[in-house]
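Asks: Can you read through this structure? Questions will come right after.
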Amino acid sequence: MKSGERFVVFNVYAPCDSSRQQALWNVLSSRIEALADQNVCVCGDFNIVRCMEERRSVSSVFNQAGLDNFNGFIANNFLVDLPLRGRTYTWYRGDGRSMSHIDRFLLSKKLVSDLV
């Protein structure tokens, strides 16, 4: 689509550790805030899900604090999480028993409204 609109893309490969993730959310939040009303796309591998239903695993360990921090990052920056089409998960372990929705595109609400 050629619209002449400018936008900023942040390509993310987040760490698995929740404290390092939070540090990344803080840095990204600062940069997004500095961009004021510009169109923003934050995309990539976030290594965290937004809810328990986005994860299937043989492990019972679940990172609720990390999940809450990630959802807070999305809400506080007024980002829209684009829905998946065609499948439920974006990452699969080779054993076929573990899968998660950890890859996503988050768009600023301004960018979403410009596209609609």
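The values are calculated or read from the model by the stated rules, or taken from the named source; none is laboratory data. All values reported here derive from a predicted model rather than from experimental measurement. Note: ideal-geometry Cβ built from the backbone for every residue, glycine included; neighbour counts use all protein chains shown.
Asks: Of the numbered conditions (1) touching a residue at least 12 places away in the same chain (Cβ under 8 Å); (2) more than 30 Å from Asp37 (Cβ to Cβ); (3) part of a loop (DSSP other than H, G, I, E, B); (4) not aromatic (Phe, Trp, Tyr), Ala65 satisfies every one except a single condition; which is it?
Replies: (3)
Asks: When the range 31-64 is examined, which residues are found to be modelled with pLDDT of 90 or more, surrounded by fewer than 13 Cβ atoms within 10 Å (Cβ to Cβ) and either touching a Ser or Thr at 6+ places or on another chain (Cβ under 8 Å) or within 16 Å of Ala75 (Cβ to Cβ) (or both)?
Replies: Within the range 31-64, Glu33, Cys51 meet the criteria.
Asks: State all residues of the range 83-112 that are out of contact with any Cys (no Cβ under 9 Å at 6 or more places or on another chain) and hydrophobic (A, V, I, L, M, F, W, C); if no residue qualifies, say none.
Replies: Listed by number, the residues that qualify are Leu84, Trp91, Met99, Ile102, Val112.
Asks: Another question, if that's okay. So, in the range 1-26, of the ones that are assigned to a helix (DSSP H, G or I) and of a type outside the set (Phe, Trp, Tyr), which residue ends up surrounded by the fewest Cβ atoms within 10 Å (Cβ to Cβ)? Full working, then the answer.
Replies: Our first condition is that a residue be assigned to a helix (DSSP H, G or I); within the range 1-26, this holds for 18-26.
Checking which are of a type outside the set (Phe, Trp, Tyr) leaves us with 18-24, 26.
Working: Ser18: 18, Ser19: 10, Arg20: 12, Gln21: 21, Gln22: 17, Ala23: 12, Leu24: 16, Asn26: 12.
Within the range 1-26, the match that is surrounded by the fewest Cβ atoms within 10 Å (Cβ to Cβ) is Ser19.
Asks: If you don't mind, there's one more thing I want to ask. May I ask you to list pairs of residues, at least six apart or on different chains, whose Cβ atoms are under 6 Å apart, with the first in the range 69-97 being free of Cβ contacts under 8 Å to residues at least 12 places away in the same chain and assigned to a strand (DSSP E or B) and the second being of a type in the set (A, V, I, L, M, F, W, C) and surrounded by 13 or more Cβ atoms within 10 Å (Cβ to Cβ)?
Replies: Qualifying pairs under 6 Å: Tyr92/Met99.
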